[in-house]
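Nothing in this text is a laboratory measurement; each read-out follows from the coordinates by a stated rule. Note that the structure is predicted; figures quoted are calculated from it, not measured. Reconstructed Cβ throughout: ideal geometry from the backbone, glycine too, with neighbour counts over all protein chains shown.
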């Protein structure tokens with residue numbers, strides 16, 4: 001589903017080159033639920049933005065659902081993002097001027113979907129996240145957990161092949177976080193491929209597989225005992 | 001998607017009414033200033049006879065010489081001698097001489113008082129040359145010219161006054177104490193500027209009441225009601241003295257269909273002036289001009305300088321308004337960088353973001369156009385404060401000006417939004433989402 005081979009991302013200035021990702025390799029199979037962990041600044045979010053075609057990379061290869069994406073133009077990348085990828089962000093990233101219904105409608109509008117189908121999908125997505133009664137509410141009128149559920153509904157409405165979640169419970173209290181996590185697990189059970197970046201060991205433990213990033217590279221924790229103290233126990237989660 | 005973009009645009013404009021009002025006012029005032037001054041400039045600088053302006057020429061022959069002419073230019077009209085030579089030679093397809101006359105019209109009946117009427121003494125070709133539209137009848141024939149016939153063409157206004165708007169053709173009217181048979185009634189016709197008589201007018205006069213044969217006017221020794229210009233000692237006392245003087249008062253026009261015809265006519269004029277030099281009447285080399293309508297309007301400086309200056313100032317003001325609008329749009333668009341990042345993440349391409357913001361700018365332009373139209377409607381009657389009355393009344397808010405107001409407002413605002421929208425489309429979604 002998602003395969004990066006020897007991928008690198010370099011930020012260049014006149015005096016320095018900074019590698020955010022270096023010789024980065026990952027292979028996420030269809031239907032997997034993968035947690036990506038690592039310390040701050042390790043390159044987790046950069047990996048996620050490249051995986052979501054929000055950013056280009058400097059070298060290597062990236063195949064998404066069998067498509068080599070490195071040479072695609074902006075239109076093609078946008079279309080793939082719209083049709084194949086759903087995003088869930090830590091800060092929810094709902095558009096404050098749009099109500100719940102209109103927020104969920106945004107990706108469907110860009111897909112050029114007809115109004116009747118858009119409505120059906122939005123109502124289905126809202127029902128799935130348990131917010132059917134809040135369709136006309138604005139984000140500011142919802143709790144953090146509800147906002148994240150709306151964001152998940154927005155990601156689900158387009159029936160994406162891949163869900164990319166960046167610290168999806170980072171801004172939520174424990175109870176709300178648990179609810180959101182259960183929802184993600186339910187979505188995964190229904191067949192979605194999920195790649196989730198997180199700091200939270202408890203959250204990572206709920207994934208099928210953990211990938212740990214340090215200094216822009218995927219590391220095998222079994223071979224890097226010095227990192228065991230910081231990481232969740234991936235062996236028991238595989 | 002257009003309806004979606006419009007929906008987003010209206011939502012965005014409502015979100016910050018003060019900023020929206022500021023932009024709409026900038027566009028509205030800029031457009032209104034431009035349209036008000038344009039309405040004057042358009043009226044005074046347009047081609048009054050676009051279909052034929054390149055085929056109508058007014059010949060000028062220098063009958064005064066380098067000591068007496070103005071900066072080497074021949075006079076703007078002809079004296080009787082030269083004018084009649086051109087007429088009799090008949091070297092052009094159509095030709096006319098003309099000068100303005102004023103006569104009293106007796107409406108008929110005992111109780112009616114005479115009306116003062118302004119008109120022109122013209123040749124029979126005048127009507128076909130200048131495409132004068134007729135309500136009833138036609139102009140007169142060449143035979144009428146030769147016969148010095150007592151015929152007249154009257155305007156629809158005079159026809160209304162004399163005959164209540166009924167067909168006046170065949171009726172007789174009394175002009176200056178002589179009876180004339182009406183052969184034609186024109187529709188409203190008053191080309192602006194009045195290109196065919198810039199010697200006696202500024203180009204923006206009221207409609208002429210009548211047209212009578214040039215030959216008939218000469219027979220009746222009718223003095224010009226327009227300008228005349230003479231050089232040297234004025235010794236004439238009789239009509240014949242006046243005709244033989246060097247005073248210029250007659251405007252000639254010829255219709256020439258091709259470049260070859262123009263060259264041939266120019267050659268004819270050169271030969272004539274050379275003959276006059278050889279005969280000793282001209283003590284100078286041939287000095288001629290043959291200008292078409294547009295060249296003639298330019299030569300006569302028909303467009304008042306204040307019209308051009310006020311239009312340029314208004315355009316400058318509009319440009320300043322647009323520059324301010326660019327700044328406001330840039331601030332408005334980039335303040336929504338976070339939203340742009342989200343939309344990009346959800347599948348919007350750069351082109352879609354660009355289009356969305358251009359359409360938002362177009363709605364600002366449309367609102368600016370509405371305000372501009374209201375201000376233009378309010379401002380057009382105030383043109384009289386800047387221009388003489390005969391020019392001020394030419395400024396009119398017609399359908400074409402309404403359409404132009406909207407087109408300029410929308411096009412200018414969209415053009416002003418090119419850069420802000422481009423910057424919005426270049427927002428890096430990854431950075432925006434990371435910063436959130």
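When the Cα convex hull of the protein assembly as shown is projected onto planes of every orientation, the mean area is 45.9 nm².
Shielding of peptide A:70-76 by partners, expressed as the average count of other chain Cβ atoms within 10 Å per residue Cβ, is 2. Helix A:100-110 and the long axis of chain A differ in direction by around 70°, with both axes built from C-alpha atoms. DSSP bridge analysis restricted to segment B:63-255 gives an antiparallel fraction near 75%, rounded to the nearest 5. Size descriptors for segment B:280-423, from the alpha-carbon set: Rg then Dmax equal 23.7, 92 Å. Angle, helix B:399-425 long axis vs. longest principal axis of chain B, Cα atoms, 0 to 90°, nearest 10? That helix lies at roughly 30 degrees to the long axis.
Axis angle, to the nearest 10 degrees, between helix A:144-157 and the longest C-alpha principal axis of chain A: 90 degrees. With one equal scatterer per alpha carbon and no solvent term, the Debye-computed log10 I(q)/I(0) for segment B:63-255 at 0.14 1/Å reads -0.80. Our summary gives segment B:226-342 a relative contact order of 12 percent, counting only alpha carbon pairs under 8 angstrom and 6 or more residues apart.
Remark: chain A is approximated by an ellipsoid whose semi-axes, taken from the C-alpha gyration tensor as √(5λ), come to 30, 22, 16 Å, largest first.
Shielding of peptide B:347-356 by partners, expressed as the average count of other chain Cβ atoms within 10 Å per residue Cβ, is 5. Averaged over peptide A:85-93, the number of partner chain Cβ atoms lying within 10 Å of each residue's Cβ comes to 4. The listed peptides B:33-45, A:121-133, A:4-16, ordered by packing as a protection proxy, come out as B:33-45, A:121-133, A:4-16 (highest mean of other Cβ atoms within 10 Å first). Based on DSSP H segments of at least four residues, each scored -39500 (n - 2.57), chain B has a per-residue ellipticity at 222 nm of -16000 deg cm²/dmol. Distance between the C-alpha centers of segment B:112-152 and segment B:179-250? Whole Å please. If you average the Cα positions of each part, the centres end up 13 Å apart. Max-minus-min Cα coordinates of segment A:1-75 on each principal axis give 42, 32, 20 Å, with the largest extent listed first. Antiparallel beta bridges, as assigned by DSSP with both residues in the protein assembly as shown, represent about 70 percent of the total such bridges. Counting every alpha-carbon pair across segment A:1-133, the share separated by more than 19 Å comes to 60%. Averaging the sequence gap over all C-alpha pairs within less than 8 Å and six or more residues apart, then dividing by the number of residues, gives chain B a relative contact order of 28 percent. Taken along its three principal axes, the alpha carbon spread of segment A:56-133 comes to 47, 29, 23 Å, from the longest extent down to the shortest.
For segment A:10-112, relative contact order (Cα pairs under 8 Å, six or more residues apart, normalised by length) works out to 16 percent. When you count the other C-beta atoms within 10 angstrom of each residue and take the mean per peptide, B:353-359, B:150-156 line up highest first as B:150-156, B:353-359.
Cut-off is 10 Å between beta-carbons; in what order do B:14, A:81 appear when sorted fewest neighbours first? Each step should come with its number before you reach the end.
On the way: B:14 10, A:81 27.
By the 10 Å Cβ count, ascending, the order reads B:14, A:81.
Taken over segment B:369-436, the alpha-carbon convex hull comes to 125 cubic angstrom per residue. For the Cα trace of segment B:194-243, dividing Rg by the Kirkwood Rh returns an Rg/Rh value of 1.02. Sorted on the mean count of surrounding Cβ atoms within 10 Å across their residues, most packed first, peptides A:178-184, B:309-315, A:191-197 read A:191-197, A:178-184, B:309-315.
Mean residue ellipticity, 222 nm, helices only, chain A: the sum of -39500 (n - 2.57) across DSSP H runs of n ≥ 4, divided by residue count and rounded to 500, is -10000 deg cm²/dmol. By the Cα gyration tensor, chain B has an equivalent ellipsoid whose semi-axes, rounded to whole angstrom, run 60, 26, 18 from largest to smallest.
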